[in-house]
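Written out below as structure tokens is the structure these notes cover.
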Amino acid sequence: MLASRAIGASILWIDFTLIFENLAFRWNADAVVIGFAMAFYGVPGVLAGPWIGALVDRHCPWRMLRWSYLIRAAAALALWQAPTVGIFLICVASKGFANLVPGPAEQHLFRRLLADEALPGNASKVTLIDQLAKLVAPLVAALLATWHLQGFAISAALSVIGILLLPNGLAPNTGKRGGALPSARPVWSVFHDVLMHHAMLRRVFLVTLCQAFVLGFYDALLALFLKARGYPDGTFGSIVGCTAAGAILGTLAFKAAVRRWPPTDLLAASSLLFGITILAPAAIVYANATLPVVAMLGLWIGNGFGYGLGVMLMMLTFQRECPREVLGTVTSTGRSLQLLLMIIAPLIGSALSNVTSIEFVFLCAGGAAIGLALFTRLVPVAQRPPPHS
């Protein structure tokens with residue numbers, strides 16, 4: 001399963017890099033076309049994610065993974081051979097839809113195959129795989145361009161390898177429905193009921209959802225902030241690498257941290273570290289001081305560490321707390337809400353920066369994350385009665 005996850009993550013990030021590289025250099029696309037491509041790639045996750053998750057709940061996850069690899073292979077070949085930019089964009093949308101299936105299917109399989117005590121270590125490994133794929137994919141795309149190899153053909157080949165990695169035998173379907181949450185109910189009703197009756201899941205999800213909003217609120221302005229403060233041109237790329245390095249360090253600490261501290265303490269620590277690393281650069285500006293490049297990079301290692309802890313804790317809490325028969329529905333719906341906020345948040349952050357300043361946006365974002373930490377630490381988790389059967 002982890003090998004399949006590594007293949008899937010590699011396909012995701014290689015495709016993402018190749019799509020926009022091809023639009024820029026093969027199709028000479030303008031900003032409008034690139035904006036449409038971004039929408040076609042990401043919006044399916046917002047609109048269709050919950051229903052794809054519900055579909056996975058009703059079918060064998062192994063079979064769903066196979067179909068996702070098959071569709072991704074076909075879409076990669078279509079992207080390679082697309083005769084017009086319009087068809088290329090349609091193929092981008094098909095990639096976006098195919099990418100929705102692996103997440104809920106893998107959640108089901110990890111829940112089924114692993115004992116409870118193995119779930120924290122698995123969350124660490126999955127996050128490590130994702131971060132390494134994010135770092136390596138642009139390098140792979142650059143090498144393919146240098147060697148004049150067709151990147152989408154490599155992506156299709158990886159999809160075939162992914163199919164071969166999956167076991168031949170189909171396990172029985174996980175979808176035994178409980179009376180409290182029948183499959184015929186609307187996905188949003190199922191999602192609401194699960195959150196209402198699982199207090200820790202509700203707390204972790206809402207706080208990490210707010211963290212995602214905070215990330216989107218300031219992240220699009222980071223390059224402009226660095227430019228305004230006079231940092232060298234390569235600083236932004238270095239910061240991206242540092243956040244990934246911080247998340248990788250988080251994967252090494254997560255398993256031991258889960259054994260030692262309760263989820264609320266980890267969630268508070270995640271939000272506090274995340275908030276301090278955003279607030280500090282803004283506070284330095286307001287203090288009329290300067291922050292050396294090395295110190296800035298160190299802050300963003302902490303930023304990736306803090307945010308990564310929240311991501312892993314949410315993954316673990318969903319697997320432990322969510323009823324198995326609706327695991328795909330709930331995780332996919334939660335992911336769709338995160339994506340929606342990360343689309344809206346940059347618009348709000350940019351609008352606020354236009355009427356105030358970029359450093360004020362960072363100040364607000366950091367303060368909000370620290371406020372989340374205080375809320376998580378000081379406000380007890382409210383318990384709700386279980387649903388009636």
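Just a few scattered comments:
- Checked against the criterion of being polar (S, T, N, Q) and more than 30 Å from Phe25 (Cβ to Cβ), the stretch 56-72 has no qualifying residue.
- Unmet requirement for Ala351, which otherwise passes all of (1) of a type outside the set (S, T, N, Q); (2) surrounded by fewer than 21 Cβ atoms within 10 Å (Cβ to Cβ); (3) over 24 Å from Leu272 (Cα atoms); (4) within 24 Å of the chain's Cα centre (by Cα): (4)
- Within the stretch 141-162, if we keep just the residues that are among the aliphatic types (A, V, I, L, M) and buried (at least 17 other Cβ atoms within 10 Å of the Cβ), the residue that is farthest from Met1 (Cα to Cα) turns out to be Leu144.
- Test for Ile34: is it in contact with a helix residue (DSSP H, G or I) (Cβ under 9 Å, 6 or more places away or on another chain) and under 16 Å from Ser155 (Cα atoms): no
- Scope the stretch 50-94; condition out of contact with any Pro (no Cβ under 8 Å at 6 or more places or on another chain) and small (Gly, Ala, Ser); matching residues: Ala54, Ala73, Ala74, Ala75, Ala76, Ala78, Ala82, Gly86, Ser94
- Scan of the stretch 240-264 for residues that are of a type outside the set (S, T, N, Q), part of a helix (DSSP H, G or I) and farther than 18 Å from Leu132 by Cβ, ordered by number: Ala256, Ala257, Val258, Arg259, Arg260, Pro263
- Ala9 meets the conditions (1) touching a Ser or Thr at 6+ places or on another chain (Cβ under 9 Å); (2) under 21 Å from Gln338 (Cβ atoms); (3) crowded, with 19+ Cβ neighbours inside 10 Å in every case but one. The failed one is (1).
- Leu135 vs. criteria over 15 Å from the mean Cα position of the chain (by Cα), of a type in the set (A, V, I, L, M), over 17 Å from Ser4 (Cβ atoms) and in a helix (DSSP H, G or I): no
FYI, it's all coordinate maths here, none of it is from the lab. This structure is a prediction, so every number in the text was calculated from the model and none was measured. Backbone-built Cβ (ideal geometry, glycine too); neighbour counts: all protein chains shown.
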